[in-house]
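Bear in mind that the values in this text are calculations on the coordinates, not laboratory data. Not measured: the values here are computed from a predicted model. As a convention, Cβ positions derive from the backbone with ideal geometry for all residues, glycine included, and neighbour counts pool all protein chains shown.
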Amino acid sequence: MAITVTDKAAKHINRYIERRGKGVGLRFGVRTTGCSGMAYKLEYVDDEGTGDDTVFESNGVKVFVDPKSLPFIDGTELDFAREGLNEGFRFNNPNVKDNCGCGESFRI
């Protein structure tokens, strides 16, 4: 499987990297937190990573994933959506069994 990025998400990521003036991609992972146990974490990457990361490229965006996070997010599609005044990333993760009510965390 792989991590994929939709066209909308890729445009948003590339625009942000361009505005920052630096960056080679996005680091995508998980952390332990929240009602259901895990939450997604995203950060921009300014170099080619730690060497342990698995790198996926989708729609011209490099996505860096650490080895501990990969089993939880493998197969995820990263999307970006705007609804009214709200905007943000959406995670279409086939591994998720349950989400918390606030939408901040998930369980595998």
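Numbers at a glance
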{"quantity": "Pairwise label distance in nanometres, K68 with K41, each label 7 Å out on the Cα-Cβ vector", "calculated": "0.8"}
{"quantity": "Segment T33-A81, length gained on full extension (0.36 nm per residue, minus Cα span)", "calculated": "14.9 nm"}
{"quantity": "Relative contact order of the chain, defined on C-alpha pairs under 8 angstrom at six or more residues apart (%)", "calculated": "32"}
{"quantity": "For P67, net neighbour charge (Lys/Arg +1, Asp/Glu -1) across residues whose Cβ lies under 12 Å away", "calculated": "-3"}
{"quantity": "Shape parameters for the stretch 37-88, alpha-carbon atoms, Rg then Dmax in Å", "calculated": "12.9, 40"}
{"quantity": "Non-local Lys pairs in the stretch 4-107, i.e. 8 or more apart or on different chains, that have alpha carbons under 21 Å apart", "calculated": "12"}
{"quantity": "Ellipsoid equivalent to the chain - semi-axes via the Cα gyration tensor, in Å", "calculated": "22, 18, 12"}
{"quantity": "Residue-count net charge about R90 - beta-carbon cut-off 13 Å; Lys, Arg +1, Asp, Glu -1", "calculated": "-2"}
